[in-house]
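Worksheet: one structure, shown below.
Readers should treat all values here as calculations from the given coordinates under stated rules, not as data from a laboratory. Keep in mind that what you see is a predicted model, and the values were worked out from it rather than measured. FYI the Cβ positions are ideal-geometry reconstructions off the backbone, even for glycines, and counts take in every protein chain you see.
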Amino acid sequence: MVQQITEDFCVAPQLAPESMAQAAAAGFKSVINNRPDFEHGPDQPTSASIEDAALAAGLQYRHLPVAGGYQSPEEIAAMRALVDSLPKPILAFCRSGARSTRLFAQAMEL
């Protein structure tokens, strides 16, 4: 499920709160959630619930929700700032992983 993009950056499809302990055990130091809360309904875990689990697992956590079809220059710059500042390795996720991959690629072009 986890796809390595660079040595220090991986992406994944939707993660659940219980995935945070697994991410920490796998060696990740930070998690970025690129998915807006309730994007596809009430069954999607909220950012707050994932953040609580991430912090409990000793991970840094940031929520940078972006739309699937378009990421603004401001969102791309915010992603770059997160990648530059968060402890690595970083695991980013969205619905399928594709949005986080595109956002990272655009951010690295800055």
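Figures for the structure shown
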| read-out | value |
| --- | --- |
| Residues ASP52, ASP84, ASP43, sorted so that the one with the fewest Cβ neighbours within 10 Å comes first | ASP43, ASP84, ASP52 |
| Student exercise, the chain dipole from Lys, Arg, Asp, Glu Cβ charges, in Debye to nearest 20 | 180 |
| Loop GluC sites (Glu not before Pro), region 21-110 (other Cβ atoms within 10 Å of the site Cβ: 11 or fewer; DSSP) | GLU109 |
| Dipole-positive endmost among ILE50, MET20, PRO89 within the chain (Cβ charges, Cα centre) | PRO89 |
| Inter-site label distance for GLN22 and GLN106 at 7 Å from Cα along Cβ, in nm | 2.9 |
| Order of PHE104, PHE38 under a 10 Å beta carbon neighbour criterion, fewest first | PHE38, PHE104 |
| GNM top mover of PRO13, PRO42, PRO89 - the chain, alpha-carbon springs below 10 Å | PRO42 |
| Global form of region 3-108, assessed from the alpha-carbon gyration tensor, a/c cut-off 1.5 | oblate |
| Spacing of the two label points (7 Å from each Cα toward its C-beta) at GLN3 and SER72, in nm | 2.6 |
| Packing-based exposure ordering (other Cβ within 10 Å, fewest first) of TYR70, TYR61 | TYR70, TYR61 |
| Computed over the chain: relative contact order in percent, which uses C-alpha pairs under 8 Å that are six or more apart | 39 |
| Extreme residue, positive dipole direction of the chain, given options HIS63, HIS40, THR6 (C-beta unit charges) | THR6 |
| Neighbourhood charge, 12 Å Cβ-Cβ cut-off, centred on ALA12 and excluding it, Lys, Arg +1 and Asp, Glu -1 | +3 |
